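We did not get these values from a lab; they are worked out from the coordinates using the rules stated. All of these numbers come straight from a predicted model, not from anything done at the bench. Reconstructed Cβ throughout: ideal geometry from the backbone, glycine too, with neighbour counts over all protein chains shown.
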């Protein structure tokens, strides 16, 4: 079998790997499609070398088929279509005991802290599997994990029907947050610098704002009758995005921080004081978020054909990272772990 491994900054290599049978409590899955996300790019850039043990098989946005079942595992059979909620917690730390296992203080984020899905056979704890419904394609199902992120983010922000929501950043997660918020009944605007990403957002039926061409705060004031937005999501990861997200909020607005900011950012705390704003962090997801995400992708509320820009075979996985790093004309790239080399398709 083949596996793609991160070996050092800006270097992913594909080579042979030796599969092992699943241990007790594990299920062996054959990954079908694996999405490359912003965290994977952070790894690719070398920003997480203090955490990732190289050479590392990464990837955690996975659709798969059960290939073998380990001892003591019930409820799963060879051939079952699944996705993987890639979290393993200890169950004993203060966070787990308080009911927040998804942010366990000793969390194993599978695909970062331990081997991930960019391989043709992958052993995972049976507890991480989430069943996929009949009729949902494995390609589309690779969007379940990032959609679960969006479901969790929208829930953390407490978005309600009729509220005004600004999403700063139209990468894959930003687009998915906008779609999930709209599905919840919110009125959404997406702020994005990149013309292609704005066009993708528009193709999803979302209204966009171009900060290079217009005053975003003035545009939000005009849209909301001077009230400001009820909720803003910072998904850009840029210092300017933080400033925009804070500036568009109205009185008692909620800022949900989604992006990973590797360096500290300046924040207008006077604005927080003056308008009694609330800041909430949003990290990962819980099983209910995953199950809701399956429903959203299966129902078409997440239009996979518009979100997925490109699919490449596992042998060409390095090209997936290069395409995303370049950024031009790309939103979501999937790796097809079953395809032969040279089978790339847009």
Among 251, 166, 188, residue whose mean-square fluctuation peaks in a GNM of the chain (springs only between Cα atoms under 10 Å): 251
Taking 109, 233 and counting other C-beta atoms within 10 Å, the order from fewest to most: 109, 233
Sequence-separation-based contact order of segment 147-281, relative, with Cα cut under 8 Å and 6+ spacing, percent: 23 percent
GNM flexibility winner over the chain from 125, 86, 133 (Cα, springs under 10 Å): 133
Gyration tensor (alpha-carbon) shape descriptor, segment 239-283, a/c threshold 1.5: prolate
Ratio Rg/Rh [Cα only; Rh per Kirkwood] for the chain: 0.97
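Quick one: order 1, 85 by neighbouring beta-carbon count within 10 Å, fewest to most.
Numbers: 1 13, 85 27.
Going from sparsest to densest Cβ surroundings: 1, 85.
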Degrees, to the nearest 10: 317-326 long Cα axis against longest axis of the chain: 10 degrees
Convex hull per residue volume in Å³, alpha carbons only, for segment 147-281: 97 Å³
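Given an 8 Å cut-off on Cα distances and at least 6 residues of separation, report the relative contact order of the chain as a percent. Please list the in-between numbers first.
Numbers: 793 pairs, mean separation 63.5, N = 346.
With pairs under 8 Å counted, the relative contact order is 18 percent.
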On Cα atoms only, tilt of 287-299 relative to the major axis of the chain in degrees: 90 degrees
Percent antiparallel among DSSP beta bridges (both partners in the chain, rounded to 5): 55 percent
Neighbour-count ranking [beta-carbon atoms within 10 angstrom, fewest first] of 196, 152: 196, 152
Percent of Cα-Cα distances greater than 13 Å, calculated over segment 171-219: 53 percent
